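Since the structure comes first, as structure tokens, the remarks are kept for the end.
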Amino acid sequence: MPRAGTLPLVLTGVFITILDFFIVNVAIPAIQADLDAGAASTEWVVAGYGLAYGSGLVLGGRLGDLLGRRRMFTLGMALFTLASIACGLAPDAGTLVAARLAQGLAAAALTPQVLAILRTVYSGPAQARALNTYAMTMGLAAVFGQLVGGALIQADLFGLGWRACFLINVPIGVTALALTGRLIPENRSGTSARLDLGGTALVTLALVAILLPLIEGREQGWPLWTWLSLAAAVALFAAYGRRRHESPLIDLTLFRERAFTAGLLTQLAFTMGMAAYFLIFALYVQGGVGLDALQAGLLFAPIGAGYLAASLLAPRFVARLGRQAIALGGLVRAAGLAVLLVMVAAEAAVGWLVPALVVDGFGMGLALAPIMSTVLARVAPHHAGSAAGVLTTTQQVGSALGVGIVGIVFYGSLSDGAGQAFQHGLIYLIAVALAIAGLVQLLPRRRRQHPCRRDREGARRMTDPNELGRRIP
């Protein structure tokens, strides 16, 4: 049974791994200056983390199923803390890139355990609340990542400069490790099956073959190798689909569940808009408006305020609207982005953007938590880790794909000015938000119980000795 501190402790894992994905963006100029790092090295400080993280998530989830989710959570947190120390103490760019790769792999071991633990330790309304809090935590870490990074660099704590962006993880990680044994119950799939090593190799290589060109393709002008890599990914996934194993890395029967498959597609669309938006918004307010890193980070606060408010209200919307709460989130987000588009086109002052940013954040928060609940709702507990790995991998693929597409749109029109480029990017993001509202219609409807059947069920509970025993103190 979970304890009072279980949920905040578990959510620490998702918070620091997502925070580290975004916090480094504002630290890049300082890293370049301090380590005399070239463009390729600093690009891999960002890309290396995303590649290692995204390609290892499915394996991390499956290892949690087989070895124990608390055990893998502990291992992932310990490795992430050590890798953060290595990042913060890196003497040169090469060491920093290697440490970021290690940090990404540690995050891949850690993150799937969070969703799997929430899915198996909590049940009923408590599980819905836990998943909603997970989504809220994930969004706030992404929204405020650049603000936290800008504030740490501006404060220059103990003269650490950009290194504080990594070393801030150390006290968090040490505290979490000290509490894990007492607050997180161990659970696993209950099977003694072996890990499918051949399937693991195929899926991991396929994910690398997808993520590497999506991360690097735009920067390099989409050379031939990027298209060959994507084609190889298709072949590798096809080879995995033909394999048979008693304990597959990904149980393909998961995709027979309509809620799981349609939910993944909706999640893919959502993340294609979120990371891409944060990228071009930061580029616009710094390159176009002329804000510094801290000022740009503060401008993310209205998005976070809207996101937090929607996350708190999302359960009420879901109770009343079911799957259409996700569609409403997509429509609200599209409306907020449309108003932002008008304001940017009119060259309005930054302050006039705030209401549209709040509405946009509200739409994000309203959509994300119900999507995740839908994807995991009907997954069997022994597949929780594998399903969580697939879900978080979908988020990473969606983020990389969205950044790649919006990068083509944004940089393709940057010669006309940052404002014009941002407007073109917003048109893409509005289309993605509307696509979410459409994809939601593929989700199964909420089951409505017939009144007579409900009455019979109530009568059965009133006469069932087991039920009566639960009611009598």
Item to complete: Can you tell me how much longer the chain between Ser415 and Gln220 gets when fully stretched, taken as 0.36 nm per residue apart minus their C-alpha distance, in nm with one decimal?
Response: 68.4 nm
Worksheet item: If R0 is 60 Å, what FRET efficiency do you get for Ala239 and Val342 from their C-beta distance, rounded to 0.05?
Response: 0.75
Worksheet item: Arranged by the count of other C-beta atoms within 10 angstrom, fewest first, what order do Phe80, Phe422, Phe15 take?
Response: Phe15, Phe422, Phe80
Discussion item. Nearest 10 degrees is fine. How inclined is helix 301-321 to the longest principal axis of the chain, computing both from alpha carbons?
Written reply: 20 degrees
Item to complete: May I ask for the angle, rounded to the nearest 10°, between helix 69-89 and the longest principal axis of the chain, with both axes built from Cα atoms and the value confined to 0 to 90°?
Response: 10 degrees
Discussion item. I need two numbers for the chain: Rg to one decimal and Dmax as a whole number, Cα atoms only, in Å.
Written reply: 22.4, 76
Fill in: Mean Cα-pair separation over length for the chain, i.e. relative contact order, pairs under 8 Å, 6 or more apart, %
22 percent
Response to the item:
So the angle from the long Cα axis of helix 93-121 to the longest Cα principal axis of the chain, reported in degrees to the nearest 10, equals 20 degrees
Worksheet, complete the sentence: Along segment 324-329, Karplus-curve 3J(HN,Hα) (6.51, -1.76, 1.60; θ = phi - 60°) to the nearest Hz, with x for Gly and Pro, reads 5, 4, 5, 4, 4, x
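Read the figures in this text as sums done on the coordinates, not as results from a lab. Bear in mind that the values here come from a model prediction, so they are computed numbers and not experimental data. Here Cβ is always computed from backbone atoms with ideal geometry, including for glycine, and neighbour counts include all displayed protein chains.
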